[in-house]
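The values are calculated or read from the model by the stated rules, or taken from the named source; none is laboratory data. Keep in mind the model is a prediction, meaning the values are calculated, not measured. The accessibility values were calculated without ligands, DNA or RNA, using every heavy atom of the protein model including side chains. Shrake-Rupley method; radii C 1.70, N 1.55, O 1.52, S 1.80 Å.
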Amino acid sequence: MNTLPPLAERVRPRKLSEVIGQRHLLAPGSPISTFVSRNMLPSLILWGPPGVGKTTLATLLAGELGRDFFSIS
């Protein structure tokens, strides 16, 4: 039997350009957009309640910049 991954996994963005919201961080000229365009990434602390996309954003940033990402909970 072939089971589908959970819905959250299926609809998760695969690229930064697919992220909905967070325009203050991701729009052209914004802090994270500027870091990505310069291929640099300073230390970041992403803070917020569970389920808001912190790990997804971190994973996408690492992928966009060709960096390794390790998740620790």
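Whole number in Å², please: accessible area per residue of the chain, 1.4 Å probe, ligands, DNA and RNA not counted.
Dividing the accessible area of the chain by its residue count gives 81 Å².
Report, in degrees rounded to the nearest 10, the 0 to 90 angle that the Cα long axis of helix 54-64 makes with the longest principal axis of the chain.
70 degrees
For the chain, which whole percent of the accessible surface, found with a 1.4 angstrom probe, sits on carbon and sulfur atoms?
Of the solvent-accessible surface of the chain, carbon and sulfur hold 59 percent.
From the C-alpha gyration tensor of the chain, pull out the three semi-axes of the equivalent ellipsoid (sqrt of 5λ each), sorted largest to smallest, in whole Å.
Listed largest to smallest, the semi-axes of the chain are 23, 14, 13 Å.
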